[in-house]
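To start, the structure under review is shown below, and the notes come after it.
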């Protein structure tokens, strides 16, 4: 609490400093117009730049999602700094997280003027009853909170003034419960950290493709045996990458694949949103037949779909039976999306050439699981987006981008449809 008190004291000083800026109303007007633009837009089409069709207009509402490589940062924060009188509401924040979560530090010392961190806790009982009088309106949820799916409904019931829940991860499956749909029905907005982890996972995808295309296991084996073994390798150029779940992660992988000269075919719930995507050669809808078509033409399949009621077990035995010969399967989305028994069988009977897996139905992967014993499987412990700063950056996105938007009354980035699970 001493740390929180220091943070509150800092905001008191900021209020005095920023009050001198009240005369900058012209700045406020200008910046209001600037901030009304979608953060995704980095360039404006001109005569020398071909106009993209409306379905791929990145300023449209359906593309109001964050991407740390493409999105313009700091516009709403700049408005707060230049024109504090533009604030529409104070942000009173509760943090549902493990107490020792170091990635929470930006909540302690970087909150913008007009926001307050009221308390951090991992149980509903950690939040004193007297906080009800503070009318907290923002709940920041970290995956580090044990049993978050059970605690979240209790915290929301205790503090009915919560208007907005921000989840510091891309997936919300760790919050799934029978009570979660109630969030949307009560009008509470939920957002996530989509777009913060995509680039590192895209790098992993291309590493996994190259691992099999260049036969890295054979190279390592030969080096250990001091054996000069000249053999042919595979070129990625001209191969087809199929992407199951064409969200931000999937599209980031597609970008790199296109640079390598690969063809990209994608599967997504709303294919019309990517109809004119210059990176994607073909977009399919969801469903058993669409998945089987993708599997039948893809040399490398990347599964980046979220874990939802509809997607669990989606990549099953029928999907693997449809696989193109010598296919490599890469899973970096969520383990439960794939039927692991069917995956093991496809690897053992030669239907698949290999697999690169960063996520599993059970984590850690049990020591007696058959996947450990398969030479053609590359296993990583769900850490291919775990950079030194990845969770700190996810918190900073909340602090620097969405929190100012909330306080200014603007629409929030990365809205989650709780009914769909992403």
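If you wrap the Cα atoms of the range 208-256 in a convex hull and average its projected area over all directions, you get 4.3 nm².
Treating each Cα of the range 198-379 as an identical point scatterer and summing with the Debye formula, the log10 of I(q)/I(0) at q = 0.11, 0.16 Å⁻¹ comes to -0.45, -0.94.
When the convex hull of the C-alpha atoms of the range 202-293 is computed, what volume per residue in Å³ does it have?
Values: hull volume 9.6 nm³, N = 92.
Dividing the Cα hull volume of the range 202-293 by its residue count gives 104 Å³.
Please arrange 263, 325, 89 by how many other C-beta atoms lie within 10 Å of their C-beta, fewest to most. Kindly include the intermediate steps, with their values, before the conclusion.
Numbers: 263 18, 325 10, 89 14.
With the fewest neighbours first, 263, 325, 89 line up as 325, 89, 263.
Could you give the alpha-carbon Rg of the range 113-264 over 2.2 N^0.38 Å, rounded to two decimals?
Values: Rg = 23.4 Å, N = 152, 2.2 N^0.38 = 14.8 Å.
That works out to 1.58 for the range 113-264.
You can think of it this way: the chain between residue 126 and residue 375 has 84.9 nm of extra reach, that is 0.36 nm per residue less the Cα-Cα gap. The alpha carbon centroids of the range 385-416 and the range 101-142 are separated by 15 Å.
Averaging Cα coordinates gives a centre for the range 326-349 and one for the range 289-312; these two points are 11 Å apart.
From helices alone, the chain scores -9000 deg cm²/dmol at 222 nm; the rule is -39500 (n - 2.57) for each run of n ≥ 4 DSSP H residues, then divide by the residue total.
As a calculated quantity, the FRET efficiency between residue 316 and residue 388 at R0 = 41 Å, using C-beta atoms, amounts to about 0.65.
Hey, with R₀ at 30 Å, roughly what FRET efficiency would residue 228 and residue 326 work out to, going by the Cβ-Cβ distance, to 0.05?
Working: r = 26 Å, r/R0 = 0.86.
Efficiency computed from Cβ-Cβ geometry: 0.70.
Ranked highest first by average number of other Cβ atoms within 10 Å, how do 253-262, 351-360, 155-164 line up?
Numbers: 253-262: 18.9, 351-360: 21.7, 155-164: 16.9.
Put in order of decreasing packing, that is 351-360, 253-262, 155-164.
Each label was represented as a point 7 Å from its Cα along the Cα-to-Cβ direction; for residue 411 and residue 275 these points are 2.0 nm apart.
Taking 0.36 nm per residue of separation and subtracting the Cα-Cα distance, what length does fully extending residue 292 through residue 173 add? Mind dumping the intermediate values first?
Working: separation 119, 0.36 × 119 = 42.84 nm, distance 2.55 nm.
Extending this stretch completely gives an extra 40.3 nm.
Our estimate of slack between residue 72 and residue 362, defined as 0.36 nm per intervening residue step minus the Cα-Cα distance, is 100.7 nm. Largest first and in whole Å, the equivalent-ellipsoid semi-axes of the range 109-186 read 20, 15, 13, each the square root of five times a Cα gyration tensor eigenvalue. Convex hull volume of the Cα atoms of the range 345-410, normalised per residue: 142 Å³.
In plain terms, if you count all Cα to Cα distances in the chain and split them into 10 Å steps from zero, the share in each step is 4, 20, 28, 23, 15, 7, 2, 0 percent. Take each peptide in 184-190, 119-125, count the other Cβ atoms within 10 Å of every residue, and average; sorted highest first, the result is 119-125, 184-190.
Readers should treat all values here as calculations from the given coordinates under stated rules, not as data from a laboratory. Treat the numbers as computed from the prediction; the structure is a model and nothing was measured. Ideal geometry is used to build each Cβ from the backbone, glycine not excepted, and the neighbour counts take in all protein chains shown.
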